[in-house]
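Reviewing the structure listed below.
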Amino acid sequence: MSNFIPNKHNFMNERVLDYLPGSIERKELEAELARIKATVIDIPIIVGGKELRTGNKGYCIIPHNHKKVIGEYHKAGKNEVEMAITEALKAKAKWERLDWHSRANIFLKAAELASGPWRARLNAATMLAQSKTYRQAEIDSACELVDFLRYNATCLHQIYSEQPISTNTVINRLEYRPLEGFIFAVSPFNFTAIGSNLVGAPAIVGNTVLWKPASNAVYSSYLVYQLFKEAGLPDGVINFLPGNPKDIGDVVMVNENLAGIHFTGSTKVFQDMWTTIGNNIGNYRTFPRIVGETGGKNYVIAHPSADIEALSLGLLEGAFEYQGQKCSAASRAYIAHSIWSEVKENLLKKVENVKVGDVDDFTNFMGAVIDKKSFDSIKSYIEYAKNSPEAEILFGGRCDDSVGYFVEPTIILTSNPHFKTMEEEIFGPVLTIFIYEDDEFLDILRLCDNTSKYGLTGSIFAKDRYAISVAERELVNSAGNFYINVRPTGAVVGQQPFGGARQSGTNDKAGSKLNLMRWISPRAIKESLL
Ligand code: NAD
């Protein structure tokens, strides 16, 4: 029985812990790091709550120590995918009828566990599997993950409360149905929290989900699955399908019951998914919802009035935190000529102090990049710059994969605003800078707007309010998340709903009401009292 209207959950962002030497959180985290490294876990496929093992295995390695294996996972094939579709559809009948506050409470309980007893486990897994420093793991697999789970519950209350007008003789209501069919959630390697939201958002509104985690984040994704299970998520609501993306995608994407895809990853993969759906559009029972957050080529523009310290810090953190592997990472900068020498001095002083290495050492600012493929790709961009007459390596440029996939923070100065590294997503610790003449500010805004196919994030640094205002206007479509006097990364759930347009995605703003609405197909019900 649900004869009550629960009070709205009072959302507050999860506090970021400090991990000072000797603190309880530090000890717990160090113990978890040691525990994870001491074992190799076996990760099954999970369908309808049942663990399946195909024996066709993939390996979870530590990117900063790539000889070290911490997990082996079983890859799903056609049979397991088909079973998962059956189980998801079966589970949906009960799940969508469950009182919505019971659904929400499962995710609120998961948030409570992640905030407390599971925090160290989730962070340690993310540090080791994705090579995040303790701080980068804390803001991802603890804080953002908890925030997504809690904020979605808050948003759900708001959505369900929004009802149409009734009269004395006509009672109207909107019934917020989940979609008919199942959702395919496909997550990237770079944020454990994103995976949790790609599955959690459709599920909290009553959908059931097939989850394909990124192959190099299977370890931490499996932990998120276990967290949901511990919080009481019924079998079959989320089905965990690690494996070869094509083996899984090729079966799922053409199934007539595909109701939506919830994707975060690269633009090309998303385009291919969209093409597959387009080619099969006559075969689905309903038009699949296509939600995807994809690549970026995020910019920083510095006006002559910019605060040098704030700008240098913004460039450093924006470009190099998590080795530049945030979709929002700053990777191209346009700096006014009159302030360049001061900015250069300040930025170089800062970057010289950046320590790169094993994330077990809490003084390191950067770990390794995710895998060999990524390492090779980043290295090739750096080599390209080294060999070009249009570019100069101002800092860094060394790459070493003998122990882990380490790339130095690298700053390129170019004389060509259309230089390759000013235009293409590199997804590594590489920042390219172009210097413009002070009186060409308006031109540079327009050039910035037209340079890249993406539209994810960007920052303007200026003290001059007119300059800020012009930048806001000229760059209106260049970024879904626009920042003033601060780096273009670090969006916080509930504060800066995240997502971009153009080739950066469908801009459905993860961690907001807008995103949840995509997993809902409302039914309007009119009842006459006459
Ligand atoms: P990726 O595109 O390589 O992989 C993403 C996911 O798609 C993985 O799970 C992968 O296995 C899967 N996949 C690949 N081919 C597939 C296919 N044919 N069918 C089904 N699934 C398939 O991306 P990645 O390397 O994991 O992540 C980095 C990319 O993600 C960058 O481009 C980054 O900008 C983007 N990203 C965007 C956001 C955002 O919010 N805009 C956030 C995080 C990451």
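Please determine, by comparing only the residues of region 494-519 that are part of a loop (DSSP other than H, G, I, E, B) and more than 26 Å from residue 449 (Cα to Cα), which one is modelled with the lowest pLDDT.
Here is the first cut: in region 494-519, the ones part of a loop (DSSP other than H, G, I, E, B) are 494-497, 499-500, 503-504, 506-509, 511-512, 518-519.
With more than 26 Å from residue 449 (Cα to Cα) added as a condition, the list becomes 494, 511-512, 518-519.
On the way: 494: 96, 511: 90, 512: 95, 518: 98, 519: 98.
Top of the filtered list is 511.
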Please count how many residues of region 320-376 are aromatic (Phe, Trp, Tyr), in contact with a Phe, Trp or Tyr (Cβ under 6 Å, 6 or more places away or on another chain) and more than 16 Å from the ligand (Cβ to nearest atom). 2
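Among the residues of region 136-160, write down those that are aliphatic (A, V, I, L, M) and in contact with a Gly (Cβ under 8 Å, 6 or more places away or on another chain).
Across region 136-160, the qualifying residues are 139, 149.
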Scan region 226-242 for residues that are open to solvent by less than 10 Å² (accessible area, probe 1.4 Å), within 29 Å of residue 507 (Cβ to Cβ) and part of a loop (DSSP other than H, G, I, E, B) and jot them down. 237, 241, 242
Residue pairs meeting the criteria (Cβ under 7 Å; at least 6 apart or on separate chains; first open to solvent by 10 Å² or more (accessible area, probe 1.4 Å), in region 445-458; second polar (S, T, N, Q)): 449/478; 453/503; 454/503; 454/504
Matching residues, region 338-377, being closer than 30 Å to residue 58 by Cα, in contact with an Asp or Glu (Cβ under 8 Å, 6 or more places away or on another chain) and surrounded by fewer than 14 Cβ atoms within 10 Å (Cβ to Cβ): 372
Checked region 378-387 for anything exposed (fewer than 14 other Cβ atoms within 10 Å of the Cβ) and either closer than 9 Å to residue 428 by Cα or touching a helix residue (DSSP H, G or I) at 6+ places or on another chain (Cβ under 7 Å) (or both); matches are none
Enumeration of residues in region 224-249 that are of a type in the set (A, V, I, L, M) and within 16 Å of the ligand (Cβ to nearest atom): 224, 238, 241, 248
Here is a list: 465, 523, 487, 502. Which entry is without any contact (Cβ under 8 Å) to a residue 12 or more places away in the chain and either under 23 Å from the mean Cα position of the chain (by Cα) or open to solvent by 10 Å² or more (accessible area, probe 1.4 Å) (or both)? 465
If residue 186 satisfies every condition in (1) within 16 Å of the ligand (Cβ to nearest atom); (2) out of contact with any Lys or Arg (no Cβ under 7 Å at 6 or more places or on another chain) but one, which is the exception? (2)
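For region 256-308, which strands (runs of 3 or more DSSP E) that fit wholly inside it have 3 or more residues that are open to solvent by less than 20 Å² (accessible area, probe 1.4 Å) and more than 14 Å from the ligand (Cβ to nearest atom)?
Working: elements: 258-264, 289-293, 298-302.
Hits in region 256-308: 298-302.
The values are calculated or read from the model by the stated rules, or taken from the named source; none is laboratory data. All values derive from a computational prediction rather than experimental measurement. Reconstructed Cβ throughout: ideal geometry from the backbone, glycine too, with neighbour counts over all protein chains shown. The protein model used for the area step is the full one, side chains on, heavy atoms only, and it has no ligands, DNA or RNA in it. Shrake-Rupley method; radii C 1.70, N 1.55, O 1.52, S 1.80 Å.
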